[in-house]
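The values are calculated or read from the model by the stated rules, or taken from the named source; none is laboratory data. Bear in mind the structure is a predicted one, so any value in this text is a computation, not a measurement. Neighbour counts run over all protein chains shown; Cβ positions are idealised from the backbone, glycine included.
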Amino acid sequence: MGVIAKMAGIVLAISLLTFIIFFGRLPIFRRTPIAWLYTFFVANLPGGVLAVDRAVTGGRFTSSLKRFGHFMMNDKHPTVLIFFLVLLAGSEWMAIPSAWAFMGTVQRMAVVVSSALPYVFLYLAAYTDPGTVSMGSLKHHLSLYPYDYGLFHPGARCYTCNLLKPPRSKHCPVCKRCIGRLDHHCIFINNCVGVGNHHWFLLLLLSTAFLASYGGWMGLCILRDRVVERFPSWSMLPWRAYEVSGGALANTPLATRPMSMETWLMLLSWGMKNYIQLGSVSLLGLLISPLVWGLLAYNLWNVWTGQTTNESLKWSDMKCDMEDGLVYKRRLDVAATVSASASSSRWPLVPEHVFVLCEDGNPPPPNEKDLPGVGDWERVWTLRDAENLYDLGFWSNLKDIFIPNYQFNTKDLPAAERRGRPRRRLPRK
C-alpha cells in the first residue's frame, strides 16, 4: 500500500499543479479555488519570496532569480519540450519491454503505432510555421478572415512589428512575432499554435491522450493477470475478490468471504513491487490521461464555439465591460461592410454591427466620423447581443482548421435562425 500511495500522491500532485498553472487563468475558473491557487503560485508566492529576500539579502538573490525567471517565462527555449520528450520516451522505455512478452500480435501493433504518433505530431506542431505575419505574408493573412468590428477592427497596427494586424492575429511576446489566428503559445511544443499548425496540435493532444489511456489500461490489465496468476482469488474489482478460509490445501474450499480492502491492497502492492516499471508507468498514464483529455476537450470546445483561446479571453473581458455598461453598438453600413470584406471573399459572413468600448460609460457622438456604422449607439449588456462572426458551426470550424484556405459556401452554414446569431451572408461573386 505504501508504494501505491507514494506513486499516486506524487503523480496527483504533479498533475494538479500542472492543471492549476496551465488552466487557472481561463475565464471559466474565475472566482473559483483553481483561480485562487493560480494567483497564489504565480503572484503571491513569488511576491512573498521577494519580500523575504529583500529583508535578508537586500534583493540580490531574487534579482538573479528574476532574470532567470524572465528568461524561462518570456523567452523561447526548449526546456519543457525536452522534459516532455524525456517523460514520453522514458515511460515507453520502462514499460514496453516489461509488457512486450505478455502482449499479443494485435496489441503489439497497436502499441507501436500509438507510441509513434505523438512523436510525429509533436515534430509537425513544433517545426511547422504557425502562421508568421510578415510583409511578405500580410496580404495572405488579411484575406483569410474579415474584421468582425468587435474583437478585431481594421486599421489596428502591432506596435512591436509595426504591421497591420490581420483579423484574429496576435503578437506573441515569447516568439516575438505576430501569428495569424493565434490560439496560444504552447511551451510543450516550444511554438505558437496558430493558423499553420493548429491541426497538428489537436492531433498531438488526441494521440497523447489515447497513448496515456490505452497504455495505462493495458499495463493495468497485464498487472492484473500477473497478480491473479499468483493469487487466483484476487480481482481488480475489490468487491469480486474473495478470501479462502479453512481447508486451504483442499481441492474445494470449505468457505469463502469477501476480501478485505487491506488484503486487496497488499496483493496489488505485490504486483506493483514485482513489476515496478510497468506498474508505475501504467499508474502515471491513468492519472495523467484525464488532464490531457481535458485539454483536448477544452480545445475542441473552442472549435465548437468558433473561437481561439486568445479570443475566449477577449470575449470574457468584453463580457465584464458589458456588465459595467461600457460597451455600445450600432449597425454597419452594408456597402462599406461588403467593400471592406472583399479581400476575404472565402468567408461567407460579414458583420452587422460595430462594437466600441467607452471607458466613461457614455456613448460616442452619433456623428463621430472616425467610427464606422450608421444610426444611434445602443448600450450592450450581454454577449447574447453580440455575434461571433467566426463561428460557422462545428464541422465548418474543423474544416477551417484542417483544410488550409478552405473556400466556404453557404451550404456549409447552419441555419442562422437555429444558431440564434443574426449574421449577414457575404454576397458571392
Check your understanding: Between residues in segment 343-367 that are among the aliphatic types (A, V, I, L, M) and residues that are in a loop (DSSP other than H, G, I, E, B) and at pLDDT below 85, which pairs lie under 6 Å by C-beta distance while being six or more apart or on different chains?
Key -> Leu349/Arg423; Val350/Ser341; Val350/Leu426
**Study point:** Leading residue by the ranking (farthest from Ser316 (Cα to Cα)) among those in segment 363-405 that are in a helix (DSSP H, G or I) and either over 25 Å from the mean Cα position of the chain (by Cα) or charged (D, E, K, R) (or both)
**Key:** Lys399
Check your understanding: Between a first residue in segment 164-179 that is assigned to a loop (DSSP other than H, G, I, E, B) and hydrophobic (A, V, I, L, M, F, W, C) and a second residue that is surrounded by fewer than 18 Cβ atoms within 10 Å (Cβ to Cβ) and modelled with pLDDT under 95, which pairs have beta carbons less than 9 Å apart while being 6 or more apart in sequence or on different chains?
Key -> Val174/Met73; Val174/Asn74; Val174/Asp75; Val174/Lys76; Cys175/Lys76
Check your understanding: From the list Ala95, Ala101, Ala89, Ala125, which residue is buried (at least 18 other Cβ atoms within 10 Å of the Cβ) and within 20 Å of Ile276 (Cα to Cα)?
Key -> Ala95
Revision key, fill the gap. Those residues of segment 115-133 which are out of contact with any Phe, Trp or Tyr (no Cβ under 6 Å at 6 or more places or on another chain) and part of a helix (DSSP H, G or I) amount to Ser115, Ala116, Leu117, Pro118, Tyr119, Val120, Leu122, Tyr123, Ala126, Tyr127
Check your understanding: Looking at segment 81-95, is at least one residue part of a helix (DSSP H, G or I), modelled with pLDDT under 75 and within 28 Å of Asn191 (Cα to Cα)?
Key -> no
Review point. Taking segment 187-199, which residues are touching a helix residue (DSSP H, G or I) at 6+ places or on another chain (Cβ under 7 Å) and not in a loop (DSSP other than H, G, I, E, B)?
Key: Asn191, Val193, His198, His199
